[in-house]
Amino acid sequence: MDCLFCKIIAGEIPSTKVYEDDLCYAFRDIAPQGPTHVLVIPKEHIQSVNAINSSNSSVVAHIFEVIPEIAKAEGIAEEGYRVVSNIGERGQQTVPHLHFHIIGGRDMTWPPG
Ligand code: AMP
């Protein structure tokens, strides 16, 4: 499949690994929006939050168990951070493979742009 993040999982495109297990892969964003910016993706290709359903949602639950572990390892768990998933055109999703941004190490603003 011609998917950037599937190629990253396959090792065809280099990335800086932060965490990996059978179900998911986490790596540093190439254009970090904060001192910590990690992307967590399911190894299974799921296009976006819109494509989550009862047959694939267990990987999302798993990712949300992994996220706080990554935050702790990055040293941002206590001070706080943001988890974001952009969906589709208006959500400004640029890579159509489900991913959760973990952004931290600075004060966030609200509302997001
Ligand atoms: P989104 O815009 O929500 O779809 O997020 C896609 C993210 O992937 C952006 O934050 C990009 O900076 C990041 N990105 C794109 N290509 C790469 C890459 N080769 N390695 C790491 N991060 C990437």
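Derivation of every value follows stated rules applied to the coordinates shown; laboratory data play no part. What you see is a predicted model; the values in this text were computed from it and never measured. Backbone-built Cβ (ideal geometry, glycine too); neighbour counts: all protein chains shown.
Details
- Under the convention that each Lys and Arg Cβ holds +1 and each Asp and Glu Cβ holds -1, the size of the dipole of the stretch 36-90 around its Cα centre is about 180 debye.
- Size of charge dipole - the chain - debye, nearest 20, with Cβ of Lys, Arg +1 and Asp, Glu -1, no other charges: 240 debye
- Top positive-direction residue, dipole computed over the stretch 1-80 with Cβ charges, set Ile9, Val38, Ala61: Ile9
- With a simple spin-label model that places each label point 7 Å from the Cα along the Cα-to-Cβ direction, the separation between Arg90 and Asp107 comes to 3.1 nm.
- Rounded Å value of the spacing that divides the Cα centres of the stretch 87-111 and the stretch 43-63: 17 Å
- Protection proxy ranking, peptides 49-61, 97-109, average beta carbon neighbours within 10 Å, highest first: 97-109, 49-61
- The protection proxy used here, the mean number of other Cβ atoms lying within 10 Å of each residue, ranks peptides 27-33, 76-82 as follows, highest first: 76-82, 27-33.
- Disulfide-incompatible cysteines by the Cβ rule (no partner under 4.7 Å) in the chain: Cys24
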